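Okay, so here's the structure we're looking at.
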Amino acid sequence: MAKDAEKSTWKDTIWNPSTREFCGRTASSWGLILLFYLVFYIFLAGMFCLTMYVMLQTLDDHKPTWQDRLGTPGMMIRPRGDTMEINTHNTESWDMYTKTLDNFLSFYNNSLQAEKNDKCTPDQYFIQADSGDVKNIPKRSCQFNRSLLQECSGLNDRTYGYQAGKPCIIIKLNRVIGMLPGKDGQAPFVTCGAKKEDSDKIGKVAYYPENGAFNLMYYPYYGKKAQVNYSQPLVAIKFLNITLNEDINIECRIISNNIPPGSERDKFAGKVSFKLRINTKQ
Amino acid sequence: MFEMNGEVDVKMKKKKKIKKKDRLEGMKKEMDIVSVIHKTRRRESWREYGLTSSKAAEVLERDGPNELLPPKGTPEYVKFARQLAGGLQCLMWVAAVICFIAFGIEFSRGTLGCFDDLYLAITLITVVVVTGCFGYYQEFKSTNIIASFKNLVPQQALVIRDGQKNQINAMDLVVGDLVEIKGGDRVPADIRIIFAQGCKVDNSSLTGESEPQSKTPECTHENPLETKNIAFFSTTCLEGVATGTVINTGDRTIIGRIASLASGVGNEKTPIAIEIEHFVDIIAGLAIFFGFTFFVVAMFIGYAFLEAMIFFMAIVVAYVPEGLLATVTVCLSLTAKRLARKNCVVKNLEAVETLGSTSVICSDKTGTLTQNRMTVAHLWFDNVIHAADTTEDQSGQSFDQSSETWRSLARVAGLCNRAIFKPNQESLPIPRRIVVGDASETALLKFTELAIGNMMEYRERFKKVVEVPFNSTNKNTLMLSVHELEDPMDLRYLLVMKGAPERILERCSTILIKGQEMPLEEQWREAFQTAYMDLGSLGERVLGFCHIYLNENEFPRGYKFDSDEMNFTTSGLCFAGLISMIDPPRATVPDAVMKCRTAGIRVVMVTGDHPITARAIAANVGIITEGSETVEDIATRKRIPVEQVNRRDARACVISGGQLKDMSSEELDEALRSHPEMVFARTSPQPPSSPPLIIVESCQRLGSIVAVTGDGVNDSPALKKADIGIAMGIAGSDAAKNAADMILLDDNFASIVTGVEQGRLIFDNLKKSIAYTLTKNIPELTPYLIYITVSVPLPLGCITILMIELATDIFPSVSLAYEKAESDIMHLKPRNPRKDRLVNESLAAYSYFQIGAIQSFAGFTDYFTAMAQEGWYPLLCVGLRSHWENVHLQDLQDSYGQEWTYAQRLYQQYTCYTVFFISIEICQIADVLIRKTRRLSIFQQGFFRNKVLVSAIVFQLLLGNLLCYCPGMPNIFNFMPIRGQWWFVPIPYGILIFVYDEIRKLGVRRHPGSWWDQELYY
C-alpha cells in the first residue's frame, strides 16, 4: 500500500498528469522561469562583455601591461627535447634533427635576411623610440645571417656534425618585449658545461658566433605586431670531442650582467639542460 | 527465596531475548513480578540474621553490583569512524584516492608538478579527519554533559548480615539482603516490606504520584506498582521505618527496567538532522552526477583516462560544500550556549532547531506550569470569598485583614497545625523556607507566618495542651488541638479544629460574622455550601476551620485531656471560615502560554491531579482560554445530556486517565484533532501505559513536532519518543535527564518559549548561512566546466577551492548565526517540517543560478583581465590548454610574441587562481551582506548591528591578503602575490549582487504572493 503510494509520487514528480506538471511546474510556469533566466543571463553576459570590452580597451597593442613572470627569459634548444640519442651509423636516428634544424634555420638564410632586415651597428641596442603619440611602426629588425653560425649553419656540413658524432645544438633566448639583456655594452653569452660527474666527458665545445654571445643590436624586441620580421639571435654549440657511448648531462646558461638569475623551480629560466648520447656502435 | 530468584532470572533472560519493541509491548501489558509478591515465606530466624557475608558475596558475584548501568553506548572508535564515513566524507575519500593514483602515475612518469596531486590528497584527508574530529568532539562534549548529571555521591544502605547491622555501600546489596529504611532514606533496591511502622514512600520519581504511599507488609494488589508491600529502588522514604528483603537489584529493578525501556525506544532523528542528511544526499548525488557527466564528456573529447579522473575529482571537490557541516555545528552550538545562559541546557545540538519547529508542547503540570508548592489561594469568611496572594515573591494584592473573624480564622489555622520551619532559615524569604510537615499544613504555616508574623513564637504563647492529628487509619478527617490562651488571666482553654469543610460544619452550631458569633442558621449553611462549591470548582483543596472556648468550669486548669478518649467538647463549635489551597501557576507561565499560542504552538497539559483541579489550573494559565467550553460545560449550559452535545462545538477537552485507557488510537487522534485545547488529568501513573507516550504518539501521527516535558522516570519513554524531550533540572530524575534532549535548569515553562524562539531564529539563520555557503560552489565549479569545454588554462585550482571552503568563508558563514531576527518570529506559525525545508528549491536556485552565476562572471572577468594584462588575450586562451600544459614546451608565444617557459606559465596559472579567489572573496562579501536579510532591506536591518559579521568580513579580507602576499605561498598553496588593481575588477559584480538582491527583496516585500515572491523568496 505504502509502496504504491511512493511509486506514484515518484512518477508524479516527473510528470503529474492531473495537474499537468512536469517536474513540479506547469508549462506556463516553466516558460516564465526560463524567460526570467534568459533575461537574467543575457543581462549578465552583456555586463561581462562590457567589462571585457572596457578591459581590452585599456591594453596596449605593442606592450603587455605587466611582465611579472618574464623577469628571467627562458632558454630553449633546437632540436627540441630533453634527451637526444643518436647513432653515427644510423642515419635515421638523427635525420629528423637535421631536418628540424634545416627548417628552423631557413628563416635565417642570408638572402632572406638581406631582403627583409637591416644591417645594424653591432654591439649597441637598436632602439627605435616612438616620438610622442606617433608610433614608429613598423619597426625594423636587424639581420641575423645563417652564416654567422659557421660550422653549425648547415651550409657547409648539411648533417650539422651529427654524422661525425660532433653534433650542433642551437640555443635561443626567449623573446621578451623591451628586454635589454646586458648593460655597459657587454653582450650576454652562453656557456655550456656538463653536470658534475660528467665534467670530464664533455670535451671541447665550440660556440658560434664567437664567444656564444647574443649581440646587443638584436635588442630590444618590440613585439610581433610592430616588429614583424624580428630575427631572434641564436647561438650554436658544437661538441667537438664528446665522450661517446655514454649519457652526458649538459647544462647551458646565459651569462649576463642584466638578467636576474631565475627561480630554482624553473629549470628553463636563463638556462637549459638536456641529455646527450652519441652511439658509435652498430 | 532463592529458587524464586532463579525463576525471576529466567524470566529476565527470556525477556532480554525478546526484541526491544516487543519488550515495550510486553511492558505495556504487564509488569510482572507479581509472583514475587505472593511468595512470602518468612523464617523468623532468618529475619533477624539476614544473609551470611559469604552468601552475599556469592550472590553479588552472580548478579553484579546494585546500580543502574548507563544505557549501552556505542564504542568510541565506532563513533569516530562514523564521523569519518558520512556521505560527503566518503566522496572526499574517493577524491583523495584518485589524487593518490594520479600522483603515483605522474610521479612514475616524472612529471613536473605531480606533487600538487599529493598535496591535494593530503589536504583532502586532513579536511575529512579534522571535520571528523570536530564532529566527534562535539558529540563527546554532549555525552560528557550527561555524565556530569550523574550523582557521584555513593548511596549507603543499612543492611543486616550475619545478624549484625552494617552500613554498607548500596552498590553491594544483593538479592535476599535484609535492609532497614527510615524516613529520609532513598530506597536502595526493590524491597519487599516484611515489617513497617508508619512507613510512607514518595513514589513520584517512579510513577509521578505526588501523594506519599504508605507501605505495609500486606500484599494488597496483583500489580507490583499498586501493592503496598513493595518499595521501589530510587524512591524516597518520607517517614516511618521499615525492614524488607531485597527482591531485585540493579537493572532488574522496576526503575532499571523502565530506564532500559527508555533506551529501547528508538531515538527519533531530529528534523534538522533529517534536513541536513537530505541536503547532503542531494549535494553528493549532484556532485557525482556532474563529475561523472564531465568524466564521460572528457573521455569523449579525447582526454586520457587519468586526466578525466582528475576532472571528476576536481568537480567533486568544487561541488561539495566542505565547510557546511562545520558551519552548521558551530551555529547550533553557539545557540546552545546562548540557551544555556537562559537556563536551557541542550544535550543534543540539533534539538535546538527542532524546538523551533515544535507545534505541540506536552507539558507536565506539577513543577513546570505550577510552582510545586501548595499555597493558600482563597479564604471564605464573613460570607465573602477573599483571594490570597499566590505569587512566588508575594508581590500580589492582599485582601482586607481588618475583620475580627480573620484574626480568629488565622489563629485556628496557625495553632491547629503541626508543621514547623526547619531552624536557621531566618534569612530566607518565607515562601522559600523549608518546612517539615505535609503540603497543606506547610501552606497554612507559611500563610499565617506571612499574615501574622513569627508563628513559632505565637504558638509558644498559646501553649498546646493536647492534640489529635489526622489519622487515616481510623478515618478521622479532622485535626484538633487544645491550647491555653495567651492572656494568663483568662483561664479558659481554646479548642481549635480543622478538616473537611462538611465534617467541620456538622460540629458547629454558630458562625463568626464580623467578629460576632451568630447562630448557624439555614441562610449561613447555604452561603457555606455556595462558597464551598465555588472554591471546589476552582480545583482547590478546601479546609474548614472552627474553634470554641471551653467552659472554664467544666475544664479547669490542669484538666486531663485524653486524645484517645476525647473527653472534651467536640461539637457545638463556632465556625470560623474556609481556606482553600492550590499549587498555583508560576507567574511567568500564563504569559509564556500566551506566547506559545501566538506562535501557533499548542500546549497540552498532562497531570495526575483531579480533572477539576487540572481544568482550573489550565484555565488559570491560559491553556484553556476564556470562553472555551468542554463538552460537559456545554451540556450543563444547554441542560442536555452529554451524549447529545456536538463534540466539535467544544474547543476544550479534559480527558481523564480512565477515559484515555479506554480510547483507541483513532479516538484519541480524533479528540486531539477536534479540540484545540486539551488537558489530560488523573493520568494513571502506570509506566507501561504512560499517558504522555500515548499522547506523543498520537500527536506525531497527526504530523506535529512534539516537545514533551517531564521529570519522573515514568516520563522517560515519552521523552525519548518525543521529537524533543525536555527534562526538569531541579525536579527531574536522572533517567528523565538521560532520555531528554534538553534540560531546563530552572524547571520553568517560560524557558521553553525562549528555546522555541531561539530555535526558530537558528532555523532562519542556518538558512542564510547555508545559502551563503552554497553560493560559492558555482564559481568554484564553472572554472572546471569552462576548462574542460573551452580548454582555457585552468582558472581555479583544487587547493584554492579548499582554502575558500575551509579558511576564508567559514567565519562569515558562522557569523550569520549572530544575525538578529528580521521580524517577530514568535508571531508566525511553526514551520511545517514536510513543506518548509531548510534547503528548498528557491534557495538553491537563487544561490546557484543567480548569485552564483554573477560570481562566476566576476571570476572570469578578473581571470581574463589578469591573463590579458600579462600578455594572453582572451581569444588566444581559448583552446590553449594542451600547449599551455605541455611540460616540454618552453617557448610558448603569447599574444605579443613573447615566449614563456612552462614554469612561467604555471606561475601565471597560479596568478589566475589567486585573482579568481579574490573575485570570489569580494563577491562573497557582497553575498554575506545580502544574506543578512531574506525579506527586509539591509538598510532596515542595519549594516553594523551584527558586530561579529563585520569582524568576519575584516577577517576574511586579512586572510585573503595573507594568502596572497605571504612569502612562500606560491609553492605551498599556489597563491601568487597579485597586482592591487585586480582586487578592484570584481567590485562592479559585488555591487551588482547587492543591488540585485535589494531589488529582489523590494519585490518580495511589495508584492507578497506574487510570482516574484514565489520564485525568489527562499
Return the equivalent ellipsoid semi-axes of the protein assembly as shown as a descending list in whole Å, where each equals the square root of 5 times an eigenvalue of the C-alpha gyration tensor. 93, 35, 26
Magnitude of the charge dipole, the stretch B:803-958, Cβ model with Lys/Arg +1 and Asp/Glu -1, debye to 20: 1160 debye
What is the helix-to-structure angle for B:611-621, meaning the angle in degrees between its Cα long axis and the longest Cα principal axis of chain B, kept from 0 to 90 and rounded to the nearest 10? 50 degrees
Give me the accessible area per residue for the stretch B:661-794, probe 1.4 Å, as a whole number in Å². 23 Å²
So if the hydrodynamic radius of chain A is defined as the Kirkwood radius over C-alpha pairs, what does Stokes-Einstein give as its diffusion coefficient at 4 °C and 1.567 mPa s, in µm² per second? 56 µm²/s
The stretch B:598-686: radius of gyration over Cα atoms, expressed as a fraction of 2.2 N^0.38 Å: 1.05
What does the convex hull of the Cα atoms come to per residue for the stretch B:800-842, in Å³? 119 Å³
Could you tell me which residue out of B:59, B:773, B:640 lies farthest along the dipole of the protein assembly as shown toward its positive end? Charges go on the beta carbon: Lys and Arg +1, Asp and Glu -1, centred on the Cα centre. B:773
Taking the protein assembly as shown and counting helices only, DSSP H stretches of n ≥ 4 at -39,500 (n - 2.57) each over all residues, the nearest-500 ellipticity at 222 nm comes to -13500 deg cm²/dmol
Positive end of the charge dipole of the protein assembly as shown (Lys, Arg +1 and Asp, Glu -1 on Cβ, about the Cα centre): tell me which of A:207, B:290, B:508 has its Cα farthest that way. A:207
Evaluated at 25 °C and 0.890 mPa s, the Stokes-Einstein D of the stretch B:888-935 based on the Kirkwood radius over Cα pairs, in µm²/s, stands at 185 µm²/s
For the stretch B:361-488, what is the largest minus smallest coordinate of the Cα atoms on each principal axis, given in angstrom and ordered from greatest to least? 57, 39, 36
Where the convex hull is taken over the Cα atoms of the stretch A:1-160, what is its projected area averaged over directions, in nm²? 23.9 nm²
Just the Kirkwood number for the stretch A:173-282, please: inverse of mean 1/r across all distinct Cα pairs, in Å, one decimal. 15.6 Å
Ratio to report: Rg/Rh of the stretch A:70-146, with Cα atoms as the point set and Rh obtained by the Kirkwood method; give two decimals. 1.14
For the stretch B:471-545, what is Rg from Cα atoms divided by 2.2 N^0.38 Å, rounded to two decimals? 1.30
In Å and on Cα atoms, what radius of gyration and Dmax does chain B show? 37.4, 135
On average, how much area does the Cα convex hull of the stretch A:126-172 cover when viewed from any direction, in nm²? 4.6 nm²
Quote the convex hull volume per residue of the stretch B:80-130, based on C-alpha atoms, as a whole number of Å³. 53 Å³
Can you give the three extents of the C-alpha atoms in the stretch B:728-793 along their principal axes, from longest to shortest, in whole Å? 69, 23, 11
Cα-Cα over 29 Å, subset of B:165/B:215; A:116/A:172; B:829/B:932; A:99/A:204; B:661/B:737; B:365/B:768: B:365/B:768
Which one of B:887, B:965, B:936 has its Cα pushed farthest toward the positive end of the charge dipole of the stretch B:851-986, where Lys and Arg give +1 and Asp and Glu give -1 at the Cβ? B:936
At 1.567 mPa s and 4 °C, Stokes D of the stretch B:828-919 from Kirkwood alpha-carbon radius, µm² per second: 81 µm²/s
Taking only the alpha-carbon positions of the stretch A:120-241 and ignoring solvent, what does the Debye formula give for the base-10 log of I(q)/I(0) at q = 0.20 Å⁻¹? -1.10
Quick P(r) readout (the stretch B:842-889; Cα-Cα; 10 Å bins; whole %) gives 23, 34, 25, 15, 2
In debye, nearest 20: dipole of the stretch A:112-161 around its Cα centre with unit charges on the Cβ of K, R (+) and D, E (-)? 140 debye
Under a point-charge model restricted to the Cβ atoms of Lys and Arg (+1) and Asp and Glu (-1), what is the dipole moment magnitude of the stretch A:135-218 relative to its Cα centre, in debye to the nearest 20? 460 debye
Over 10 Å intervals from 0, what percent of Cα-Cα pairs in the stretch B:755-825 sits in each interval? 18, 36, 23, 15, 7, 1
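The values are calculated or read from the model by the stated rules, or taken from the named source; none is laboratory data. What you are looking at is a predicted structure, and each value in this text was computed from that prediction instead of being measured. Counting neighbours? That spans all protein chains shown, and the Cβs are built from the backbone with ideal geometry, glycine included. To get the accessible areas, we keep the full protein, side chains included, count just its heavy atoms, and leave off ligands, DNA and RNA. Shrake-Rupley method; radii C 1.70, N 1.55, O 1.52, S 1.80 Å.
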